[in-house]
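What follows is a short report on a single structure.
The values are calculated or read from the model by the stated rules, or taken from the named source; none is laboratory data. None of these values were measured; they are calculated from a predicted model. Because the Cβ atoms are built from the backbone with ideal geometry, glycine has one as well, and the counts that use them run over all protein chains shown. Heavy atoms of the whole protein, side chains included, go into the accessibility calculation; ligands, DNA and RNA do not. Shrake-Rupley method; radii C 1.70, N 1.55, O 1.52, S 1.80 Å.
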Amino acid sequence: MSSLQQVPLAAVTDAAGNPWFSWDYVQSNASALLAALIQHVELTAASVLIAAVLAIPLGILAYRVSWLTGPILALSSVLYTIPSLGLFAVLAPFLGLYASTVVIGLVLYALLVIVRNTLTGLSQVPVEIRDAARGMGYGKLGLLTRIELPLSLPSIMTGLRIATVSTVAMVTVGSVVGGYGGFGELILEGFRNNFYKAQIMTATIATVLLALVFDLVLALLGRLATPWSRRRSA
């Protein structure tokens with residue numbers, strides 16, 4: 001994930017030549033928009049994937065060990081409340097101006113939602129189903145992997161969808177860390193370039209559309225992974 005290269009943009013001469021949206025801008029700067037899209041997707045996917053690998057086990061641990069529930073939720077909540085600009089400003093001097101610095105910050109923000117939804121999904125598994133599984137000889141590991149996690153998957157997927165959409169928006173803040181902000185880099189450059197409205201609006205719309213695409217893809221994956229929920233709703 002390399003930093004976006006600066007692409008010369010058409011000069012903004014006056015208010016009449018500075019519309020909020022322009023197809024000329026899109027066509028003239030297609031390479032810059034594509035580079036921003038690729039970087040935005042890479043940063044989002046890497047951050048959510050790492051966050052899921054960390055948060056789902058933490059949610060399971062919080063569910064299994066009751067006295068850890070409070071500390072795990074409290075820690076993830078504290079991380080979530082740190083202002084994004086402040087967090088990146090603290091991380092950058094220690095980790096450098098790299099894409100990994102942005103990813104670490106985004107992972108910290110995504111933890112809370114996934115942890116909470118994992119814990120909620122596990123807690124909502126009906127007691128009678130657990131009792132029936134134990135009566136059939138399931139141990140703790142079998143109960144977790146074959147009963148509890150599959151039944152809590154809709155809640156976990158909801159957490160992943162929320163975390164992903166939030167991460168798409170948060171990636172734009174990464175533009176303060178050495179140019180690793182995807183479409184945020186173009187938004188910031190638009191402000192610097194005589195408030196270039198077409199650039200700002202195009203990058204903003206692209207960010208929203210990317211969030212919708214991610215959400216739709218995860219919703220489809222969730223439906224494919226939980227066919228029993230489709231049969232029940234039908």
Taking Cα atoms, the helix 99-123 axis meets the longest principal axis of the chain at an angle in degrees (rounded to 10) of 30
About its Cα centre, the chain carries a charge dipole, from +1 on Lys and Arg Cβ atoms and -1 on Asp and Glu Cβ atoms, whose size in debye to the nearest 20 is 980
For the range 142-234, listing chymotrypsin sites (Phe, Trp or Tyr not before Pro) in a DSSP loop whose Cβ sees at most 15 other Cβ atoms within 10 Å gives 195
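Decide, for the range 144-234, between rounded, prolate and oblate: order the square roots of the alpha carbon gyration tensor eigenvalues as a ≥ b ≥ c, take rounded if a/c falls under 1.5, and otherwise choose prolate if a/b is larger than b/c, else oblate. Please report the intermediate quantities before stating the final value.
Numbers: a/c = 5.71, a/b = 2.69, b/c = 2.12.
It is prolate, given that a/c is not under 1.5 and a/b is the larger ratio.
Scaled to the compact-protein estimate 2.2 N^0.38 Å, what is the alpha-carbon radius of gyration of the chain, rounded to two decimal places?
1.22
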Distance in Å, no decimals, from the C-alpha centre of the range 127-191 to the one of the range 100-116 is 10
Here the relative contact order (percent) of the chain, from C-alpha pairs under 8 Å and at least 6 apart, is 27
Relative contact order in percent for the range 102-234 (Cα pairs under 8 Å, 6+ apart) equals 25
Percent relative contact order for the range 150-228, counting Cα pairs under 8 Å at least six residues apart, stands at 37
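Compare 148, 42, 189 by solvent-accessible area with a 1.4 Å probe and give them largest first, with all protein chains kept in place.
Largest to smallest exposure gives the sequence 42, 189, 148.
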Taking the chain and counting helices only, DSSP H stretches of n ≥ 4 at -39,500 (n - 2.57) each over all residues, the nearest-500 ellipticity at 222 nm comes to -25000 deg cm²/dmol
Charge dipole of the range 6-154 built from unit charges on the beta carbon (Lys, Arg +1; Asp, Glu -1), centred at mean Cα; most positive-end Cα among 121, 52, 68 is 68
Between the residues 26, 138, 98, the Cα farthest towards the positive end of the dipole of the chain, that dipole coming from +1 and -1 charges on the beta-carbon of Lys, Arg, Asp and Glu, is from 138
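Name the chymotrypsin sites (Phe, Trp or Tyr not before Pro) in the range 88-172 that are in a loop by DSSP and that have at most 13 other C-beta atoms within 10 Å, would you?
On the way: sites: 88, 94, 98, 109, 138; in loops: 98, 138.
Here no chymotrypsin sites (Phe, Trp or Tyr not before Pro) fit, given the DSSP loop and packing criteria.
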